[in-house]
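As structure tokens, the structure follows; a few thoughts come after it.
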Amino acid sequence: MTTMATTESRWSSGLSPFGMSWQKLMMWWFIVTDALLFAGFLGGYGFSRLGSENWPPAEKFFSLTYLTVMTFVLISSSATMACAVAAARAGDRAAVAKFTGYTMLGGIGFLGMQVYEWAHFISQGGRPWAVPEGLDARFGSYFFLVTGFHGTHVLIGVLILLVVMLRARAGRFTANGVEVAGLYWHFVDLVWVFIFGCFYLI
């Protein structure tokens, strides 16, 4: 009976029985389910690649140096997001707005570089249904699906960060809200590391 009362008290006070806010708990649920979705995409990519006799090498269409810079930009934005979370815990409104803005710039820079990467691949004849020189067309399908899906996540993250930054400037932010946004952003960055490794390095 005491356990049930304690659980009810935690929920009614805005905390889940897992010792965190319900917002953070729901974000963790989202991260787990979304990670499984990305894992399914990458698993399908790996299965198709291993079973193909004419899978195109990534260096044929993409510059590893350029992609490394893209990755550095996105990973660096995780550092500024961590600074924003630390500032939120300290109650530093100006620092939250500043570091959230830097994180947004990193996300926007990454998206701009991805647009260029897509345009370059398309200019070479890459399509979701075809790849130049008669190579396995599934490469194009997976490329646009996985990078496009990830890019959509980055765009959503930039919009979330914009809201967080505006709320910080208005003095209406909470440390928990910034942490939840940070969880999402770190997840998006981590997913890109796996995409980068699977598509361009292996």
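Out of contact with any strand residue (DSSP E or B) (no Cβ under 9 Å at 6 or more places or on another chain), under 16 Å from residue 196 (Cα atoms) and hydrophobic (A, V, I, L, M, F, W, C): does that describe residue 105? When the stated conditions are applied, residue 105 does not pass them.
Within the stretch 190-200, being in contact (Cβ under 8 Å) with a residue 12 or more places away in the chain and out of contact with any Gly (no Cβ under 9 Å at 6 or more places or on another chain) holds for 191, 192, 193, 194, 195, 196, 199, 200.
Any residue at all in the stretch 59-67 that is within 20 Å of residue 155 (Cα to Cα), in contact with a Leu (Cβ under 7 Å, 6 or more places away or on another chain) and either of a type in the set (A, V, I, L, M) or at pLDDT 95 or above (or both)? Within the stretch 59-67, not a single residue is within 20 Å of residue 155 (Cα to Cα), in contact with a Leu (Cβ under 7 Å, 6 or more places away or on another chain) and either of a type in the set (A, V, I, L, M) or at pLDDT 95 or above (or both). Across the stretch 96-138, the number of residues qualifying as in a helix (DSSP H, G or I) and on the phi < 0 side of the Ramachandran plot comes to 30.
Conditions tested, residue by residue: (1) among the basic types (Lys, Arg); (2) surrounded by 14 or more Cβ atoms within 10 Å (Cβ to Cβ); (3) in contact with a Phe, Trp or Tyr (Cβ under 7 Å, 6 or more places away or on another chain); (4) within 27 Å of residue 176 (Cα to Cα).
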position: 61; (1), (2), (3), (4): no, yes, yes, no
position: 68; (1), (2), (3), (4): no, no, no, no
position: 81; (1), (2), (3), (4): no, yes, yes, yes
position: 87; (1), (2), (3), (4): no, yes, yes, yes
position: 90; (1), (2), (3), (4): no, no, no, yes
position: 97; (1), (2), (3), (4): no, yes, no, yes
position: 102; (1), (2), (3), (4): no, yes, no, yes
position: 113; (1), (2), (3), (4): no, yes, no, no
position: 128; (1), (2), (3), (4): no, yes, yes, no
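Considered as a group, the residues in the stretch 152-185 that are assigned to a helix (DSSP H, G or I), among the small types (Gly, Ala, Ser) and over 10 Å from the mean Cα position of the chain (by Cα) include one that is nearest to residue 74 (Cα to Cα), and that residue is 182.
Against the test of being over 24 Å from residue 66 (Cβ atoms) and among the aromatic types (Phe, Trp, Tyr), the options 116, 102, 142, 184 yield a single qualifying residue, 184. Screening the candidates 99, 173, 139, 144 for the property of being in contact with a Lys or Arg (Cβ under 9 Å, 6 or more places away or on another chain), without any contact (Cβ under 8 Å) to a residue 40 or more places away in the chain and not aliphatic (A, V, I, L, M) yields one hit, 144.
Does residue 122 fit the bill of being within 21 Å of the chain's Cα centre (by Cα) and surrounded by fewer than 18 Cβ atoms within 10 Å (Cβ to Cβ)? Judged against the criteria, residue 122 is not a match.
The values are calculated or read from the model by the stated rules, or taken from the named source; none is laboratory data. The structure displayed is predicted, hence computed values, not measured ones. Here the Cβ is made from the backbone with ideal geometry for all residues, glycine too, and neighbour counts use every protein chain on show.
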